[in-house]
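Trainee: Starting off with a structure, shown below.
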Amino acid sequence: MSLFRRVIPSFLLFLLSAVAHAEQALPGTGAGPLASPPALGFGPAPQTLAQPALPPLPDPSQEVKDELPPMPTIDLTTPPDDLWQRMRNGFSMPDLNSPLVADRQAWYLNRPDLLKRIFERSRRYLYHIVEELEKRGMPTELALLPVVESSFNPLAYSSARALGMWQFIPATGKTYKLQQNAWFDQRRDIVASTSAALDYLQTIYEMHGDWHLALASYNWGENAVGRAVAKNQAKGLPTDYLSLKMPTETAYYVPKLQAIKNIIAQPQLFGINLDPIPNRPYFGTVERSGNMDIALAARLAEIPVDEFIALNPAYSRPVMPDAANSPLVLPADKVQTFLANLQHHEAQDRPLSAWHTHNMKPGEKLDAVAKRYGISVARLKQLNGINAKTKLTSGYALLVPGKDAVGQDSLAARLPQTPASPPKAVKAKPGKTKPGKAAKPVARGKTVNVTIRKPAPKPKPKKR
């Protein structure tokens, strides 16, 4: 037998012995799929095969504690209890970074009493606005736009003749089918004006494809913004909001909204105590047919007249005419009370209005009509919106109180009126606004409370 044939069997025995020792040194190895393959080659087995036993796996029943804080999450499947948080969840407009934002932020923060009054006033209307925005898939920070426009005052009236919470001028109001006459003005109507404002915002957003430019259009006019964009394009300049040349009021407009958004987003950061608003409807609506007295409607709903006017601010007379075709807006918890009392009232065959219409006869004077119905000439004029420009001709219909019209004087004094002459606007030169002070009105005029009725020279109307 040759030497080669004697060496091979001995080598194979040595190799098999090494593999057996390696398997004994590794716990848990064997013929399973995780077994380590044997080392191939001559010489002693690799050192890795002789490593000490691995530590046992941790017991999965024991809790693994992480020292890092948990990542904050927002549960969008469960509606939040606070309406402010619901609004924050829907913030989706790009943030605007500008020194003017810091300027307006400081302006609001230095007026905490003003912010408190605005937010308190907004409690009646915010739920409805947020609900309508979400239905349309629009950014919920737009619900804060009435802070900038009117401080959430549905009676606000500007020198540019813009009226209501959303500050519609007459022409734009008519475009969006908001009725305006001596009896009522739907620019003040909470439901109608909100629907019109969101329609308008959607239209100008689709026109520009940019929310900042859409807001600039809401303040300055879509045609004016379009011209400013075209001018920058012709010069090869950027066409974003911060790059356009615009009036001072419009330049401050989006920064004001951004400042309010920042405060609402992180009130604790700014030291603001933001009282929660229940995430449920504040009001409901009731359809009506026929004329109805405001005083009677408030009594049937068992709410103060002032609260009724705050929810139904469109009416300028003690009677809500059937022509208004607007539902009554009542506190949500008073809707059933109103319906039950109304049913009882009608079951007694009692009228829904204690006011009548008097048609003026040829040559008849107002003082004779006022004396006949036991009211002053001044009150008769106020009830019917009569001013120096009103032409009183034969057949002119006047609203006069009947015998059951109780408290007509006090009611008429509290009803909102649209002044014949808007308050005079004071223009500001661009670039002259000092830091920390509010920008002077340019495009749409200074907003004031409509209860200020002091006559002023009529300025040239501004157009959006």
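Trainee: With label points built 7 Å along Cα→Cβ from the Cα atoms of Lys371 and Ser410, find their separation and express it in nm.
Mentor: My value for the distance between the label points is 2.9 nm.
Trainee: With +1 on the Cβ of every Lys and Arg and -1 on the Cβ of every Asp and Glu, and nothing else charged, how large is the dipole of segment 83-265 about its Cα centre, in debye rounded to the nearest 20?
Mentor: On the way: 22 positive and 17 negative charges, 65 e Å.
The calculated dipole for segment 83-265 is roughly 320 debye.
Trainee: Let me have the relative contact order for segment 83-265, percent, based on Cα pairs under 8 Å that are six or more residues apart. Let's see the in-between values first.
Mentor: Values: 198 pairs, mean separation 41.9, N = 183.
About 23 percent, as a whole number.
Trainee: Same structure, new question: Just want the ordering: Ser376, Ser289, from fewest to most Cβ atoms lying within 10 Å of their own Cβ.
Mentor: Values: Ser376 12, Ser289 8.
Taking fewest neighbouring Cβ atoms as first place, the list is Ser289, Ser376.
Trainee: Amide H of Met93: which non-local residues (sequence gap of 5 or more, or other chain) have their own amide H closer than 5 Å, using H built in the peptide plane?
Mentor: Glu141
Trainee: Can you figure out the FRET efficiency of Ser98 with Ala332, using R₀ = 41 Å and their beta-carbon distance, to the nearest 0.05? Please list the in-between numbers first.
Mentor: Values: r = 40 Å, r/R0 = 0.97.
FRET efficiency, Ser98 to Ala332: 0.55.
Trainee: Exposure proxy check: Glu222, Glu149, Glu131, Glu141 ranked by fewest other beta carbons within 10 Å?
Mentor: Working: Glu222 18, Glu149 25, Glu131 15, Glu141 22.
Final ranking by Cβ density, sparse to dense: Glu131, Glu222, Glu141, Glu149.
Trainee: Under 5 Å between amide hydrogens, which residues at least 5 positions from Phe283 or on another chain qualify, with H placed 1.01 Å from N in the peptide plane?
Mentor: Under 5 Å from the amide H of Phe283: Ala332.
Trainee: Now for a different question. Highest mean first, how do 293-300, 253-260, 204-211 rank when packing is the count of other Cβ atoms within 10 Å averaged over residues? The partial results should precede the final answer.
Mentor: Values: 293-300: 21.9, 253-260: 24.8, 204-211: 16.5.
Order by mean packing, descending: 253-260, 293-300, 204-211.
Trainee: What is the calculated FRET efficiency for Glu307 to Thr78, with r their C-beta to C-beta distance and R₀ = 45 Å, to the nearest 0.05? Display every interim value, and only then the final one.
Mentor: Values: r = 32 Å, r/R0 = 0.71.
Result of the calculation: an efficiency of 0.90.
Trainee: Got a sec to turn the phi values of segment 232-241 into Karplus ³J(HN,Hα) couplings, 6.51 cos²θ - 1.76 cosθ + 1.60 with θ = phi - 60°, whole Hz, x for Gly and Pro?
Mentor: Calculated HN-Hα couplings, in order: 5, 4, 5, 8, x, 9, x, 10, 6, 4 Hz.
Trainee: For segment 368-377, just list the computed ³J(HN,Hα) in residue order, Karplus coefficients 6.51, -1.76 and 1.60, θ = phi - 60°, integers in Hz, with x standing in for Gly and Pro.
Mentor: 5, 5, 4, 5, 4, 9, x, 10, 7, 4
Trainee: How big, on average over all directions, is the shadow cast by the Cα convex hull of segment 355-403, in nm²?
Mentor: 3.1 nm²
Trainee: Listed highest first by mean packing, meaning other Cβ atoms within 10 Å per residue, what order do 343-354, 164-175, 394-405 come in? Walk me through the numbers before you get to the answer.
Mentor: Details: 343-354: 12.3, 164-175: 22.0, 394-405: 15.3.
Listed from highest to lowest mean packing, they are 164-175, 394-405, 343-354.
Trainee: Can you pick out the pairs among Lys116/Lys256; Lys177/Lys381; Lys177/Lys231 whose Cα atoms lie more than 21 Å from each other?
Mentor: Working: Lys116/Lys256 16 Å; Lys177/Lys381 28 Å; Lys177/Lys231 32 Å.
From the list (Lys116/Lys256; Lys177/Lys381; Lys177/Lys231), the Cα-Cα distance tops 21 Å for Lys177/Lys381; Lys177/Lys231.
Trainee: What base-10 log of the normalised intensity I(q)/I(0) is obtained for segment 83-265 from the Debye formula, alpha carbons as equal point scatterers, at q = 0.18 Å⁻¹?
Mentor: Rounded to two decimals, the profile gives -1.30.
Trainee: Further, regarding this structure: Starting from the Kirkwood radius over alpha-carbon pairs of segment 90-178, derive D by Stokes-Einstein at 10 °C in a medium of 1.306 mPa s and give it in µm² s⁻¹. Write out the running numbers ahead of the final one.
Mentor: Details: Rh = 14.6 Å.
Estimated via Stokes-Einstein, D reaches 109 µm²/s.
Trainee: Separate question: Please work out how much length the chain gains when fully extended from Leu109 to Asp349, using 0.36 nm per residue of separation minus the C-alpha to C-alpha distance, in nm with one decimal. Show your work: numbers first, answer last.
Mentor: Values: separation 240, 0.36 × 240 = 86.40 nm, distance 5.55 nm.
Value of the extension gain: 80.8 nm.
Trainee: Now, a different point. FRET efficiency for Asp199 and Glu364, Cβ-Cβ distance as r, R0 = 41 Å, nearest 0.05?
Mentor: On the way: r = 44 Å, r/R0 = 1.08.
According to the calculation, E is roughly 0.40.
Trainee: Same structure again: For Leu398, which sequence-distant residues (separation of 5 or more, or a different chain) have an amide H within less than 5 Å of its own amide H, given hydrogens modelled in the peptide plane?
Mentor: Counting only residues 5 or more places away or on other chains, the set is His358, Asn359, Met360.
Trainee: If you don't mind, another one. Tell me, what HN-Hα J-couplings in whole Hz come from the Karplus equation 6.51 cos²θ - 1.76 cosθ + 1.60 at θ = phi - 60° for each residue of segment 187-200, using x for Gly and Pro?
Mentor: 5, 8, 5, 5, 6, 5, 5, 5, 4, 5, 5, 6, 4, 5
Trainee: Here is a further query. Suppose the chain between Lys235 and Gln268 were pulled fully straight at 0.36 nm per residue; how much longer would it get relative to their current alpha carbon spacing? Display every interim value, and only then the final one.
Mentor: Numbers: separation 33, 0.36 × 33 = 11.88 nm, distance 4.42 nm.
Result: 7.5 nm gained on full extension.
Trainee: Next question. Provide the net charge surrounding Ala340, with neighbours chosen by a C-beta distance below 14 Å and charges set as Lys +1, Arg +1, Asp -1, Glu -1. Intermediate values should be presented prior to the final figure.
Mentor: Details: positive: Arg299, Lys334; negative: Glu302, Asp333, Glu346.
It works out to a net charge of -1.
Trainee: Would you mind computing, in nm to one decimal, how far apart the modelled labels at Lys116 and Lys391 are, each placed 7 Å from Cα along Cα→Cβ?
Mentor: Output for this residue pair reads 5.3 nm.
Every number in this text was worked out from the coordinates using simple rules, so none of it is lab data. Predicted, not measured: the structure shown is a model, and the values here were computed from it. Cβ coordinates were reconstructed from backbone atoms using ideal geometry, including for glycine residues, and neighbour counts include every protein chain displayed.
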